[in-house]
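A short reminder: the numbers here are calculations on the coordinates, not readings from a lab. Keep in mind that this is a model prediction, so the values were computed, not measured. As a convention, Cβ positions derive from the backbone with ideal geometry for all residues, glycine included, and neighbour counts pool all protein chains shown.
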Amino acid sequence: MKKFLFFTLCLLFPAVVAMAAEQCRDEVFLRRAYLTVTGALPTPEECVKFLDSNNPNKREALIDELLDSELALKYTQMRWGDILRIKSEFPSNLWPNGVQAYNRWIYEQLLNNVPYDKMIQKLLLSEGSNFRAAAANFYRGFQKRTPQNFYNNINLLFLGNRNCKDNGYLCFSQIKFKSTKEWKEEIIYLDIHKEKPWQKIVLEDGTVLTPKLNNDWREEYVAWLTSPKNRRFAEVLVNRMWYWIFGKGIVHEPDNWCAENKPSDPQLLADLTDYFLKNKFDMKLLMKKILLSEQFNSKAAPEGFYQPQRLPAEVIVDALASTTGIWNTYHSRVPEPFTYYPPKTRSTHLGDATVSSTELELFGKVSRDVSLESQRNNTITSRQLLYLMNSSELEQRIRKSATLQKIYMQSSNVAQLADAISLLVLSRRSTPQEVKLYENHMKQNNLPLMELAVDIMWMQLNSNEFLYNH
Amino acid sequence: MRKITLTLALLLTIGFAATAQQAKSVILIYLDGGPAQTEMFDPKPAAGRNYYGNYKGVCKTNVEGIEIGEKLPLLATMADKYSIIRSMTHGSNAHETGHYAMITGDTSGGAIVYPSFGAVISYMKKDTYKGVLPCYISVTSANSRFNEGGFLGNEYKSFDTGGRPESDEYEVEGIVNKFVNKERLNKRMDLLNNFEGSLNKKELDSLRATNMEFIWGESREVFNLNHEADSVRQRYGNSRIGQSCLVARRLVEAGVPFVNVRTTGWDTHKKHFQKMNSMLPALDKAVSALLADLDAKGLLESTIVLLGGEFGRTPKVLWEAPWNGGRAHYGKTFSYMVAGGGFHGGKVVGATDKTGETVVERPVRPCDLIGTIYLLMGIDPYGTLPHVSEGNLPILPSLLEKKSEGLLYEIIDIKKPSHEK
């Protein structure tokens, strides 16, 4: 009996302990969830609300709240904009009106949680004016407007195929463009009277397509592409979503699916794809499932599964603005006339890779030249750290920050000051050891409280804890 | 097609025996917006008011037969130091495409975005250049109309100094921060060090240590214009362009391979002549001082100086409303000034017709100019660059796609290889 109990304990106990130990703390989950879903830091009020909540299901409640937020929709819109290459000028040349319309279209798909298959059908079967039938911008955003190039990009985006060899591109050979009298307006239309230029269209998997004369030849291809039977179509989105959340795909690179590039965890990919198909291509549900997964709730590596990622350029730039309360201003130099974005616009919401700033360039904003996820470069460089360490631009923002002034006015001691700044920058309260560290720093350098506040904010903005999603 | 061009590139590359590299650095003085060749290096006084506007005269230069615009008297005294290309052409009248062509040499319009030639040089010199300063620096900022790292990626983009070199204190972003002295920064670093957890700490600390050297080392002094005598600073002029050129000279002296001095305001659709009256004298002063200074220090031999923009301006003046005496974008003909680093002085390449609207002799394409610069910098213009998903791509595809009119062998010492057209 004793022996049996011992065995049971040995079997059960480590598993239970391991489960509890691997789960990240609430404050870590909070910050991770906000940054992943919305690309923004939680406000101090949001931090306190979540941290002090006794709701046993508060993580799920937070995920639900975040997924429905405006910030989340806009952040996902940015991710689509990156791979659809939404940009006013070179090399996409969509022009600002087209960019606005296209972004709005994506936003509406996300707002209404349009199933992935339906969204891609609408995108690929689009035609009409680039200003009025927004999805048609898909076909305008290419320097080289050839059926082969459209097809290569469709393969890359929706099948992760960088090297397609079949003749499916013929389905896109009716697409034509004509200009209108309105400046930069263009009509994307189909030349449906075109003679069939082929004998037979055979896709890589052996499927034979037989589009009819005087019809939209794209229809049959798109039906094949987006069918649940074409499992790869669903898998690529599932994997892309995983990549968006963890910074590394189950198949990695996420846009390079080939025989040599195997999934790191085939079962995980299969389970998530089954779930996605069972829920009829519901992207929001899929995201929720991943966010509630053991992996997303685990501690950061090396202790747990979650691999820390440097914050994306736009997220860092916005965080520097939201913490100091001093925002960059953005404008488009494309003369139609020049567009000035409203004050306090987040860079994650710009929607146009032509609009940029020195800081965004420094931290590696996506240029949207090609549809590869690897365009986003989140490595940390000495120049980025140089900017944080010693630029007068950031120094002045900290010194002129009304937010920091207010914290200083409301704090009567170092502990209060430290808590308030930590909630603002690191989304957590400070620890007693940290308060001691700050007190020593103040004493040794004979600093007034406001100068200490400046140094603490500077230090937190330079810290690995700030720079990484962890 | 790509395979064929690559094979062609391989064949041509065999002929490239690493000829003695003549140039060590490039200074690109970029007149953003498109400067008027008509008022600068290709004046046409005989074409009358409809073309030459309110100007009448020209400056005769110290080289027999070469005349330049009347607002460039200082540059006129040293035409033996530079050559003029009067037949630049790419045909693009839009800022972004003109800029892209002029700064990458690529006009293919394909799906691939090429890096700027500054980024290419920065990439090519990454193993041989050992300086503390970045390989490619923009004074004070790069043009951000497209991703100039192209497919090489962000790390080869320029370091933008920011700040105002013409002010008392030139605050180079990240280096000179007037609020924080060395002691305070050290104390802050101590605080950070005691605060931080282990996450990627080793890498961050090593990058920060490099930065501390960069902030307090010699680079700080290179940017400090107070080391220059007042008389020198005045010779360059107290303008943004003047002091930027002085910074460029100091950077080249310190060994930086590529400096981009960018000035804006050259997109003169309206009030063109008024603007030229105020902008050209400052430019004249700055560029002539730079050339003279480089020459006096023996640096001109190894430093290429380029002056131009993304295109030129319409030779015909737009007198009608709303322009009221302006010039629009013109990519069909425009001029570039080239000097130093192996470029001959006192020469004119190409010519335009009576009104300056058409190239009539020896057209020069962007790839021809950039290819020649590569050649002088010891970089094979028929070589390749690595692309993340496409393998090796030709460094200048236009050279191989018959969009070239030939490299500028007529104004350099390097002989044209027999297999080149």
Next on the checklist: Output the 0 to 90 degree angle, nearest 10, between the alpha-carbon long axis of helix B:95-104 and the longest principal axis computed from the alpha carbons of chain B.
Outcome noted: 70 degrees
Checklist outcome for this item: Cβ density ranking, 10 Å radius, fewest first, applied to A:145, B:188 yields A:145, B:188
Next on the checklist: Just to confirm a number: summing +1 for Lys and Arg and -1 for Asp and Glu over residues other than residue B:240 whose beta-carbon lies under 11 angstrom from that of residue B:240, what do you get?
Outcome noted: +1
Checklist entry - If you place +1 on the Cβ of every Lys and Arg and -1 on the Cβ of every Asp and Glu, how big does the dipole about the Cα centre of the stretch A:254-376 come out, in debye to the nearest 20? => result 340 debye
Next on the checklist: Mean-square fluctuation check for chain B, GNM, Cα pairs under 10 Å: which of B:393, B:369, B:207 is largest?
Outcome noted: B:207
Item to check | Reach of residue A:58 by Cα under 17 Å, taken over aspartates and glutamates that are not fewer than 8 positions away in the same chain | outcome: A:26, A:27, A:45, A:46, A:68, A:294
Next on the checklist: Give me the extension gain from residue A:25 to residue A:196: residue separation times 0.36 nm, minus the current Cα-Cα distance, reported in nm with one decimal.
Outcome noted: 55.4 nm
Item to check | Per-pair calculated FRET efficiency, R0 = 60 Å: residue B:221 and residue A:68 via Cβ, rounded to 0.05 | outcome: 0.60
Item to check | R0 of 56 Å, Cβ-Cβ distance residue A:118-residue B:80: FRET efficiency to nearest 0.05 | outcome: 0.20
Checklist entry - On alpha-carbon atoms, Rg over Rh for the stretch B:177-221 using Kirkwood Rh? => result 1.01
Next on the checklist: Taking beta carbons within 10 Å but only from partner chains, what does the mean come to for residues B:164-175?
Outcome noted: 3
Checklist entry - Placing +1 at every Lys and Arg Cβ and -1 at every Asp and Glu Cβ, with all other atoms neutral, what dipole size does the protein assembly as shown have around its Cα centre, in debye to the nearest 20? => result 1000 debye
Checklist outcome for this item: chain B, convex hull of Cα, quarter of hull surface, nm² -> 22.4 nm²
Next on the checklist: Please compute the volume of the convex hull spanned by the alpha-carbon atoms of chain A and report it per residue in Å³.
Outcome noted: 181 Å³
Checklist outcome for this item: Of A:460-469, B:230-239, ordering from highest average Cβ density within 10 Å down gives A:460-469, B:230-239
Checklist entry - Quick one: helix A:449-462 against the long Cα principal axis of chain A, what's the angle to the nearest 10°, folded into 0 to 90? => result 40 degrees
Checklist entry - Averaged across the residues of B:154-162, what count of C-beta atoms belonging to other chains lies within 10 Å of each residue's C-beta? => result 4
Checklist entry - Most mobile of B:23, B:282, B:229 per a Gaussian network model of chain B (Cα springs, under 10 Å)? => result B:229
Next on the checklist: Test of understanding: what is the full-extension gain from residue A:450 to residue A:179, defined as 0.36 nm times their sequence separation minus their Cα-Cα distance?
Outcome noted: 91.5 nm
Next on the checklist: Contact order normalised by length for the stretch B:314-372, with contacts defined as Cα pairs under 8 Å and 6 or more residues apart; what percent is it?
Outcome noted: 26 percent
Checklist entry - Do you know the relative contact order of chain A, to the nearest whole percent, from alpha carbon pairs under 8 angstrom that are 6+ apart? => result 17 percent
Next on the checklist: Based on the alpha carbons, how large is the Rg to Rh ratio for the protein assembly as shown when Rh follows Kirkwood?
Outcome noted: 0.99
Checklist entry - Which residue, B:158, B:219, B:116, has the most motion in a Gaussian network model of chain B that connects Cα atoms within less than 10 Å? => result B:219
Checklist entry - If you find the alpha carbon centre of the stretch B:301-363 and of the stretch A:239-306, how far apart are they in angstrom? => result 55 Å
Item to check | Cα-projected label distance for residue A:45 with residue B:49, points at 7 Å along beta-carbon direction, nm | outcome: 6.7 nm
Checklist outcome for this item: Other residues with Cβ under 14 Å from the Cβ of residue A:175 give, with Lys and Arg +1 and Asp and Glu -1, a net charge of +2
Checklist outcome for this item: Nearest-0.05 FRET efficiency for residue A:378 and residue B:194 at R0 = 25 Å, using Cβ-Cβ distance, is 0.40
Item to check | Net charge contributed by nearby residues that have their C-beta within less than 14 Å of residue B:126 (K/R +1, D/E -1) | outcome: +1
Checklist outcome for this item: Put in order of increasing Cβ neighbours within 10 Å, starting from the fewest, B:63, B:132, B:252 give B:132, B:63, B:252
Item to check | Of A:48, A:98, A:78, farthest towards positive along the dipole that unit charges on Lys, Arg, Asp, Glu beta carbons give the stretch A:44-98 | outcome: A:98
Next on the checklist: For the stretch B:132-196 and the stretch A:122-149, what is the centre-to-centre distance using only Cα atoms, to the nearest Å?
Outcome noted: 40 Å
Next on the checklist: Can you work out the Karplus-derived ³J(HN,Hα) for every residue in the stretch B:207-212? Use 6.51 cos²θ - 1.76 cosθ + 1.60 with θ = phi - 60°, whole Hz, and x for glycine or proline.
Outcome noted: 5, 5, 5, 4, 5, 4
Checklist entry - Using alpha carbon coordinates only, what is the Rg to Rh ratio of the stretch B:198-259, with Rh defined as the Kirkwood radius? => result 1.18
Next on the checklist: If you take each beta carbon of peptide A:300-310 and count the beta carbons of other chains within 10 angstrom, what is the mean?
Outcome noted: 1
